[in-house]
Each structure stands twice: as structure tokens, then as C-alpha cells.
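To start, the structure itself, in C-alpha cells.
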Amino acid sequence: MKILVDFIALIMLYVLCLFKKWQSKGKYALLVNTTMYVYLSCVLLVTLMPIITSLPFIFNHPYNMYLVPFDDYLNGRGDTVRQIVLNVIMTVPFGFLFPLTQKEKNRTFQRTLLFTFLLSLSIELIQPLIDGGRSCDITDLITNSVGGIIGFIIYVIFKPVTSFVFQRKNE
């Protein structure tokens, strides 16, 4: 039920602020930006929610941070292989969709990697504040960045298709 508050806020943000702005830029921009918005909402669901109802309690638990890369994997703790794979998979769509939301000159590998890294860093730094059972882990930052790289490679492979669709919108 607490997650419902976050989804209502996300829907209101989309309807009141983003939909008209993206719609005014055309059907392509509306489709791509809305797809990215839905994807990011799903990432929030998996990584941070509930957010709004957790805000009054953000300082009521310890802040756990792990700065040794792949420490759990190297020491055989937990289901680390599964976590690594899921973290990579989670950001592949971002690496693919992010360039599509940018102007042609900004559709670069470096920019996509930077924003993938910043998305992951934001999530990792906020997670322990929202939920005392979560931690900030450099391994997640690395694996999420790898996912963004894979997504960008997929974008490059499919660039002729996306360029064709983009050109068709201007006709």
C-alpha cells in the first residue's frame, strides 16, 4: 500500500508536467520519453520504493556502504552471481533508451555511460536512507554501468532502425 503513494505521485508528475511537454515535441518524442519514464518508474519500484512514506524515517537506521568491488562474490557470500546478472540486466534498457531521448549530437557513448553511472550512483546512495536493510555497494555501481554499456552497444546495432523511425516521423 505504501508503494501506491509513490505511483500516484509518479502518475501525477507525468500527467501534470511531462505529458504535454513531450506531446508538443511529436509522437516520437512522446513514445520514447514515456517509455523511458515507465522504465525508470520500474527501476524505482525495484530499487527504492516506497520512497515518500519512508522519508520521515531516513535517519532512523544505519547507513551501510561497501567499497570493495565484488567482495561478496570473491568471498562466496549470498547469491552474488544472481545479483550481478540482475544489476547488469536492469540498466541495459537505460543504455538503449537514453540516446534515443537525446539530440543527435548528444547520443554518445561517453554521455550514456556518464548518465548510467549517475543513475546508479543516485540509487546506491539513496537506498540505505530509504531502507535500513539495503546498502550502497560499489559492485552494483560497476555492474549497472556495464549494463548501460551493453544497452548502448544494442542502440548502436539498431541505430539504422531507430534512425529510420525518427526520419519517418518528420514526413
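L113: touching a helix residue (DSSP H, G or I) at 6+ places or on another chain (Cβ under 7 Å) and either more than 30 Å from K2 (Cβ to Cβ) or of a type in the set (G, A, S) (or both), yes or no? Here the answer is yes, as L113 does meet what is asked. Scanning the stretch 51-94 for residues that are surrounded by 11 or more Cβ atoms within 10 Å (Cβ to Cβ), in contact (Cβ under 8 Å) with a residue 60 or more places away in the chain and either assigned to a loop (DSSP other than H, G, I, E, B) or of a type in the set (V, I, T) (or both) gives I51, I58, H61, Y63, V68, P69, F70, V88, T91, V92.
From the list S145, S122, which one is surrounded by fewer than 19 Cβ atoms within 10 Å (Cβ to Cβ), polar (S, T, N, Q), at pLDDT 95 or above and closer than 30 Å to F59 by Cα? It is S122. Of the residues that make up the stretch 126-138, is at least one in contact with a Cys (Cβ under 8 Å, 6 or more places away or on another chain) and either more than 27 Å from K27 (Cβ to Cβ) or charged (D, E, K, R) (or both)? Yes, some residue in the stretch 126-138 is in contact with a Cys (Cβ under 8 Å, 6 or more places away or on another chain) and either more than 27 Å from K27 (Cβ to Cβ) or charged (D, E, K, R) (or both). Considering only the stretch 112-123, I want to know if a residue exists there that is farther than 15 Å from V43 by Cα, in a helix (DSSP H, G or I) and free of Cβ contacts under 8 Å to residues at least 12 places away in the same chain. Within the stretch 112-123, one or more residues are farther than 15 Å from V43 by Cα, in a helix (DSSP H, G or I) and free of Cβ contacts under 8 Å to residues at least 12 places away in the same chain. Here I89, I142, I150, I126 are screened, and the one residue that is within 16 Å of the chain's Cα centre (by Cα) and closer than 25 Å to S54 by Cβ is I126.
The values are calculated or read from the model by the stated rules, or taken from the named source; none is laboratory data. Because the structure is predicted, anything quoted here is derived from the model rather than measured. Glycine gets a Cβ as well: all are built from the backbone with ideal geometry, and neighbour counts include every protein chain shown.
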